[in-house]
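Participant: Dumping the structure here so I can ask a few things about it.
Just so it is clear, none of the values below were taken in a lab; they were calculated from the coordinates. Since the structure is predicted, the reported quantities are computational estimates derived from the model, not experimental observations. Cβ sites come from the backbone with ideal geometry, for glycine too, and all protein chains shown count toward neighbours.
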Amino acid sequence: MENTLPPREQWSSWVDFIMSCVGYAIGLGNVWRFPYLCYQNGGGAFLIPYFISLVFCGAPLFILETSWGQLLSVGGLGMFKICPIFKGVGIAAAVMAFWLNIYYIVVLSWAMCYLWNSFRLDSNVPWRSCDNPWNTKRCRSEYDPLACANNRTIAKYFNVKVLTNDHLTEYRQQFFVGPKANCYKVLGISSGVDVPGAMRWDLALYLFIAWAICYLCIFKGVRWTGKVVYLTASFPYVMLVCLLIRGLTLPGASLGLEYYLKPNFSVLFRSKVWIDAVTQVFFSYGLGLGALVALGSYNSYHNNVYKQALTVCFVNSGTSVFAGFVIFSFIGFMAVQQGKTVAEVAQSGPGLLFLAYPSGILQLPYTNIWSILFFTMVLFLGVDSQVNKLLFEILLLFQMIQQQSQIDLNRIEISIISSKKSLRLRFFCDVLHSQRNCFP
């Protein structure tokens with residue numbers, strides 16, 4: 001097979017390859033989607049179909065894609081020269097990665113919104129108090145239970161002795177809304193794609209910055225990207241360990257962990273549980289998108305890709321299970337705090353990332369510092385996955401252009417990425433306001 005492409009870069013070491021794969025495969029799906037699926041599908045019983053799907057689908061396909069890329073030293077499109085009739089499969093994979101990037105980058109813009117609002121001189125964050133412009137009159141903070149919105153006190157509306165009566169605790173919890181929920185609504189997430197909403201210029205700015213960060217991570221090639229992931233792929237584990245230690249010491253943590261680990265085997269007879277397990281494996285490992293082929297193509301021919309791929313699989317699934325302990329310890333605490341069951345709190349779905357975790361951060365000293373670190377972690381998790389999918393897209397475009405003409409690839413690199421950012425900005429109005437029904 002004739003190779004018409006220029007000499008290919010390679011990873012500086014096999015560690016760069018592992019860290020890049022870890023950064024690509026381990027993302028927001030591990031930290032918040034996996035625990036949510038455990039809640040939906042019988043708690044600990046969900047681990048059975050999940051690991052069966054991993055053994056018979058996830059791990060073999062992960063090894064296949066990375067080893068295929070290493071063998072041929074080409075990206076997703078070039079490898080289909082083996083069977084040209086399937087060239088469209090490679091293009092279809094790039095299209096899927098393109099749409100995933102559009103959806104994924106929006107979550108990063110949300111994280112940046114929370115991150116920016118965490119930079120405060122005092123230890124408070126906006127989702128701790130009810131004195132923000134967006135808070136409603138029903139806002140009530142657990143840290144100042146008699147404070148209402150706009151620095152007014154509930155005592156001006158009701159009798160303080162009545163409000164502090166233990167018999168009315170349930171009523172207060174049903175009527176009032178926490179500041180975290182108020183803050184989450186600031187994102188302006190609409191009820192569906194048929195309700196586009198108004199333009200959000202602040203989130204558009206965060207979206208642009210997120211794309212700029214992704215560009216800076218890849219514009220110097222894979223050697224630069226391989227070094228960036230040392231920080232972006234390892235820092236989240238430090239944060240998760242800190243959050244787990246704090247979560248286990250909170251009242252109600254045992255209730256959340258019991259719900260997470262206690263299996264309900266009756267759900268195993270439902271087809272939806274098995275579909276969710278397979279979907280989570282494919283989504284978490286990024287299978288079928290061509291990015292793993294692109295990552296493997298930067299390996300040397302004699303690299304031990306099998307051992308390294310299995311290592312990444314072990315780390316990926318281990319991170320998902322570990323993140324479940326973290327988030328359910330905080331869900332148990334939130335359930336006790338709000339007077340609800342664990343199931344009721346866990347029904348928040350995708351919003352758990354911006355509700356359960358911030359609730360746990362409020363229990364740590366120097367809240368604003370921990371909040372900055374946490375949402376930096378969320379940003380790193382998203383950027384890792386985003387960058388590698390974007391790297392595959394650019395590689396595919398390079399191959400297609402190289403096959404059609406002799407244009408200088410270095411000269412068009414910036415224009416390709418810039419045009420991709422501009423293309424996303426055309427869609428941001430719809431995406432920012434209809435993401436609620438777009439989470440896979």
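Participant: For the range 263-278, what does the Karplus curve 6.51 cos²θ - 1.76 cosθ + 1.60, with θ = phi - 60°, yield as ³J(HN,Hα) per residue in whole Hz, taken in order and with x for Gly and Pro?
Facilitator: Result, ordered by residue: x, 10, 5, 5, 6, 5, 8, 9, 5, 4, 4, 5, 5, 5, 5, 5 Hz.
Participant: Rounded to whole Hz and in sequence order, give me ³J(HN,Hα) for the range 290-297 from the Karplus expression 6.51 cos²θ - 1.76 cosθ + 1.60, θ = phi - 60°, writing x for Gly and Pro.
Facilitator: My calculation for the range 290-297 gives x, 5, 5, 4, 5, 5, x, 5 Hz in order.
Participant: Calculate one ³J(HN,Hα) per residue across the range 88-100 by plugging θ = phi - 60° into the Karplus curve 6.51 cos²θ - 1.76 cosθ + 1.60, and present them in order as whole Hz with x for glycine and proline.
Facilitator: Working through the residues one at a time gives x, 5, x, 5, 4, 4, 5, 5, 4, 5, 4, 6, 5 Hz.
Participant: Sorting Cys313, Cys57, Cys21, Cys38 on the 10 Å Cβ count, fewest up front, what's the list?
Facilitator: The order, fewest Cβ neighbours first, is Cys57, Cys313, Cys38, Cys21.
Participant: For the range 260-376, just say rounded, prolate or oblate: build the C-alpha gyration tensor, square-root its eigenvalues into a ≥ b ≥ c, call rounded for a/c under 1.5, and beyond that prolate if a/b exceeds b/c, oblate if not.
Facilitator: It comes out oblate by the Cα gyration axes.
Participant: Right, next: What would the Debye equation give as log₁₀ I(q)/I(0) for the range 11-59 at q = 0.26, 0.29 Å⁻¹, counting only Cα atoms as equal point scatterers?
Facilitator: Calculated log10 I(q)/I(0) at the listed q: -0.98, -1.04.
Participant: Which ordering of Asp276, Asp202 is given by a fewest-first count of other beta-carbon atoms within 10 Å?
Facilitator: Lowest to highest Cβ neighbour count: Asp202, Asp276.
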